Amino acid sequence: MLLQELSGITEDIYLVEESYPAQRRIELTLRYLSGAYAFPEGEKMHLLRVKEGGRTLGLLLFNPGNEELPVDFWSVFTGALAKESYRVQFEELVASVLARNPAERELEVSSDLWRDAVNEYYSLMLVNRNLCPGCSTGAESYNSVFSEQRVKRVSELFERLKAKGYSFEGGEGGEGGKSGKSGKSGKSGKSGKSGKSGKMLEVCCGNGMSTLALHRMGLDPLGVEVNKCTLCQGLEHGVLNPRKALVMDATQLSEYFGPGSFETVVGFMLGLVYEFNKGLWTGIVKEAAKVTAEGGLLLFTVKSRPEIEILAKALGEAGVEGEIVDNEDSDGIFDQWLFVGRKGRS
Ligand SMILES: C[S@@+](CC[C@H](N)C(=O)[O-])C[C@H]1O[C@@H](n2cnc3c(N)ncnc32)[C@H](O)[C@@H]1O
């Protein structure tokens, strides 16, 4: 686990907050850290500080095994993913704790790597069924879930867009999956097409069917998906990269990511988008526009023309200029229509 690698520890590690969304408010973190003042004088806490420059990203507290729980483990407190006001409170509380109990070690880690480590922790908790007690969903075979035909369809779509002059980039190296491979037949790449490493977001990534095609192009998007079982399936098959997969409601992207956080945002087979439910999908693409950098690229695919027209209108209202592309084939199912455009310019 990356958290253990970064901290150089072998004991078990537990994040204090039970889910990624909880990292936004860090209620338990702030409560426990405030409580740390109450530790009796003279009782030394074993602490590790994770920092980026002068900024504290995380604090690790050693919990020795006892009669009740005969296992040594570390609790991980972090405020790095929290809203600004909570992050400030976290850093102040950590500074006070460390003033009384200096850290045994300080570790310099980039905030991007730390975020990957936190993502990975929750992905592993999910796929190991620790977040879903009583889960009885068994693994389905790879071939019954993933279709090469669909991967080919997404890859061809990108070839088409490339021929039209669009260049996609994103991620730090296409290392999808548990073992650095993009699923069974995946191939890990090194960087985005243009050789740059702009950040890429894939909304509504499902089990990673479309992500597979991106990995093979050397793109390594952060995938967000609201359905935890679907995301779990992608993790289980090593298709989704545990460091780049999050259970998250894409209608709330701007709650978690600052404006302009991503160079590229993509989403495949959104919908079905109807008049009666369009608020959900237009909400998602508008949120996607908020977290896209000025001049950044957005790409969304759907099944039918009316659906893409609804999304294109919403994106236009969100300041994205682009075009609708007819990508129909004889199957008439996947990625038939797409919108591709740039935020803030044509
Ligand atoms: C038709 S599937 C497409 C999955 C994948 N992109 C693909 O092409 O195979 C649409 C996905 O959107 C997800 N979704 C729906 N509402 C969402 C939301 N508010 N936030 C994130 N994902 C959502 C669904 O759970 C589903 O996995």
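Numbers below:
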| item | result |
| --- | --- |
| Sparse-neighbour loop sites [GluC sites (Glu not before Pro); the range 56-97; at most 14 other C-beta within 10 Å; DSSP] | Glu67, Glu68 |
| Pair Leu69, Arg31: separation of 7 Å Cα→Cβ label points (nm) | 1.5 nm |
| Glu317/Lys44 FRET efficiency (R0 56 Å; Cβ-Cβ; nearest 0.05) | 0.45 |
| The chain - charge dipole about Cα centre, Lys and Arg +1 at Cβ, Asp and Glu -1, debye rounded to 20 | 840 debye |
| Zone residues, the range 228-259, relative to Tyr274, backbone N less than 16 Å from point 7 Å out along Cα-to-Cβ | none |
| For the chain, cysteines whose Cβ has no other cysteine Cβ within reach (under 4.7 Å) | Cys204, Cys205, Cys229, Cys232 |
| Mean-position separation - Cα centroids, the range 284-299 and the range 85-141, in angstrom | 27 Å |
| Value at 222 nm in deg cm²/dmol, rounded to 500, when DSSP H runs of n ≥ 4 in the chain each add -39,500 (n - 2.57) | -10000 deg cm²/dmol |
| Distance (nanometres) between label positions extended 7 Å along Cα→Cβ at Thr137 and Phe62 | 3.9 nm |
| Label point distance in nm, Gln149-Glu11, each placed 7 Å from Cα along Cα→Cβ | 5.4 nm |
| Length-normalised contact order of the chain in % [C-alpha pairs under 8 Å, at least 6 apart] | 12 percent |
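Each value in this text was obtained by applying a stated rule to the coordinates, not by laboratory testing. No experiment lies behind these values; they were computed from the predicted model shown. Every residue, glycine as well, gets a Cβ built from its backbone with ideal geometry; the counts of neighbours run over all protein chains shown.
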